[in-house]
Protein chains: 2
Amino acid sequence: MSEQKPVIAIIGGTGALGTGLARRWLQAGYKVIIGSRTAEKAATAVDDLRDILQQRGVSSPSVEAMDNSEAASKGEVVVLTVPFSHHSSTLEPLKHSLQGKILVDVTVPLVPPKVARVQLPEQGSAGQIAQTLLGDEVHVVSAFQNVPAIHLQEGDDLDCDALVCGNSKEARAKVIELANAVGMRGLHAGPINNAAAVEAMTSVLIFINKQYKSHAGVRVTGVEA
Amino acid sequence: MSEQKPVIAIIGGTGALGTGLARRWLQAGYKVIIGSRTAEKAATAVDDLRDILQQRGVSSPSVEAMDNSEAASKGEVVVLTVPFSHHSSTLEPLKHSLQGKILVDVTVPLVPPKVARVQLPEQGSAGQIAQTLLGDEVHVVSAFQNVPAIHLQEGDDLDCDALVCGNSKEARAKVIELANAVGMRGLHAGPINNAAAVEAMTSVLIFINKQYKSHAGVRVTGVEA
């Protein structure tokens with residue numbers, strides 16, 4: 001993977017987080033597919049991305065629009081950025097396309113309206129739900145749940161880490177590479193069970209953002225990665 | 001509380017975390033009671049504390065040894081630092097003494113031997129278990145689960161934040177003052193439900209410490225508190 005950059009498909013990739021990640025991966029020279037429920041919706045997001053990247057001097061980014069199903073099939077690494085309420089229903093029909101691949105799950109199990117309150121699912125975390133649903137031949141890796149989307153959209157350096165959880169160390173290492181490409185330090189943070197900590201932290205950050213009028217992120221201190 | 005420092009009782013206060021916190025509060029001029037299952041065991045820890053503090057130029061620290069029951073009764077703010085396996089059994093007999101007080105719960109629900117794996121209790125978190133067990137007249141505030149004890153024992157500045165969770169904002173504010181006295185930045189991190197995020201993060205930090213040979217802590221970035 002160091003030698004050749006994988007094609008990244010972002011399922012539900014038209015939102016602030018999905019397009020923020022896409023922008024950074026495109027700037028780093030990755031090929032990106034934006035997936036959405038319809039290819040038309042994805043195409044609008046891709047047009048916007050092209051405009052923004054051109055302003056930043058990236059004149060011919062390698063970005064395509066597809067529906068989620070085609071995106072999951074064509075992507076070599078697949079990233080999921082959908083609301084928790086659509087998490088399982090989005091993954092279920094993609095199960096076949098994802099076999100043997102890495103699924104980067106960015107989902108946070110927020111339960112509106114109390115999104116600043118930790119309310120983890122019975123199964124532990126969205127990451128664990130995905131791993132159970134997809135089976136062991138899909139390497140589910142959770143990451144990027146704590147990065148403020150606004151920071152992905154702007155600026156260069158991100159003052160926050162990506163805590164990368166998943167049962168395969170090799171798959172985690174590949175996602176750490178993707179985190180570095182985004183401008184974050186990626187850290188091995190343990191098995192997929194540990195996604196619970198990172199997903200729950202998002203509600204803490206939402207609370208902090210309300211309390212302190214901030215766009216908070218998380219750094220692990222005392223570590224040289 | 002800004003005017004007058006409360007007497008702090010540390011239940012199960014003879015371990016690395018309890019004595020580390022005690023040392024820092026004593027250095028900051030607080031009165032501290034070290035509680036243990038027997039007053040004799042607490043007395044040994046207090047002798048050690050006096051020696052260490054004398055070496056640091058604190059010649060007559062206000063520190064006393066008591067059994068847990070007396071400590072909980074005499075303390076104005078009560079801090080709990082026991083293993084999760086003793087959490088409920090330690091709290092149950094102290095319920096009466098704690099009414100109307102702040103209980104600072106430092107407990108992390110680790111499940112040996114897999115302490116680097118998040119395994120939250122059914123009830124959500126140790127903090128929620130304590131709040132339910134003690135009732136609404138006790139202000140349970142969770143904090144200090146992520147600070148490496150070794151850093152409390154050494155040095156001055158701690159490069160980590162205290163994420164302070166509890167249902168009473170006023171009680172949280174008092175614990176934030178105690179965090180500041182320890183040399184940490186304390187942040188309002190939400191209701192007691194949010195303790196789940198902070199407790200779970202401890203397992204992530206244990207994993208990171210194994211992986212990177214570190215003594216990791218957590219900082220929230222992008223916030224001016």
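Here the stretch A:1-78 is treated with +1 on each Lys and Arg Cβ and -1 on each Asp and Glu Cβ, and its dipole about the Cα centre works out to around 220 debye.
For A:23, A:185, B:37, what's the largest-to-smallest order of accessible area, 1.4 Å probe?
B:37, A:185, A:23
If you take all other residues with their beta carbon under 14 Å from the beta carbon of residue A:132, and give Lys and Arg +1 and Asp and Glu -1, the sum is -4. Taken over the stretch A:149-225, the percentage of Cα pairs per 10 Å bin, counting from 0 up to the bin with the maximum distance, is 18, 46, 32, 4. Among beta bridges from DSSP that stay inside the protein assembly as shown, the antiparallel ones total about 15%. The distance separating the Cα centre of the stretch A:174-200 from that of the stretch B:20-94 comes to 38 Å.
The mean number of Cβ atoms from other chains found within 10 Å of a Cβ in peptide B:119-125 is 3, as a whole number. Near residue A:221, once Lys and Arg are set to +1 and Asp and Glu to -1 for all other residues with Cβ below 13 Å from its Cβ, the sum equals -2. Using R0 = 56 Å, the C-beta based FRET efficiency linking residue A:96 and residue B:180 works out to 0.55. Grab the other residues whose beta carbon is less than 13 angstrom from that of residue A:45, score K and R as +1, D and E as -1, and report the net. Neighbourhood net charge equals -2. For the stretch B:8-212, lysine pairs separated by 8 or more sequence positions, or belonging to different chains, with Cα-Cα distances below 13 Å total 4.
If you put +1 on each Lys and Arg Cβ and -1 on each Asp and Glu Cβ, how big is the dipole of the stretch B:10-53 around its Cα centre, in Debye rounded to 20?
Computed charge dipole of the stretch B:10-53: roughly 160 debye.
Charges were assigned to the Cβ only: +1 to each Lys and Arg, -1 to each Asp and Glu. The resulting dipole of chain A about its Cα centre is roughly 360 debye. Heavy atoms of chains A and B lose about 3000 Å² of accessible surface on contact, summed over both sides with a 1.4 Å probe.
Tell me whether chain A comes out rounded, prolate or oblate; compute the Cα gyration tensor, take square roots of the eigenvalues as a ≥ b ≥ c, and use a/c under 1.5 as the rounded threshold.
Because its axes are fairly even, with a/c under 1.5, chain A counts as rounded.
When the charge dipole of the stretch A:8-212 is built from unit charges on Cβ atoms (+1 for Lys and Arg, -1 for Asp and Glu) and taken about the Cα centre, the candidate among A:28, A:55, A:83 whose Cα reaches farthest toward its positive end is A:83. Relative to one another, the C-alpha centroids of the stretch A:95-138 and the stretch B:149-171 are positioned 31 Å apart.
Placing a pseudo-label 7 Å from each Cα along the Cα-to-Cβ vector at residue B:37 and residue A:210 gives an inter-label distance of 4.2 nm.
Projected label points at residue A:115 and residue B:47, each 7 Å from Cα along the beta carbon direction, are separated by 5.7 nanometres. Note that chain B presents 41 Å² accessible area per residue, ligands and nucleic acids not counted, probe 1.4 Å.
In chain B, taking the dipole from charged Cβ atoms about the Cα centre, the farthest positive-side position among B:8, B:126, B:202 is held by B:202.
Where both bridge residues fall in chain A, DSSP classifies roughly 10% of the beta bridges as antiparallel.
Think of it as helices only: each DSSP H run of n ≥ 4 in the protein assembly as shown is worth -39500 (n - 2.57), and spread over all residues that comes to -12000 deg cm²/dmol at 222 nm. Annotation for residue A:150 and residue B:59: the two label points, set 7 Å from Cα along the Cα-Cβ direction, are 5.4 nm apart.
The values are calculated or read from the model by the stated rules, or taken from the named source; none is laboratory data. Note that the structure is a prediction, hence the values are computed from the model and not measured. Neighbour counts run over all protein chains shown; Cβ positions are idealised from the backbone, glycine included. To get the accessible areas, we keep the full protein, side chains included, count just its heavy atoms, and leave off ligands, DNA and RNA. Shrake-Rupley method; radii C 1.70, N 1.55, O 1.52, S 1.80 Å.
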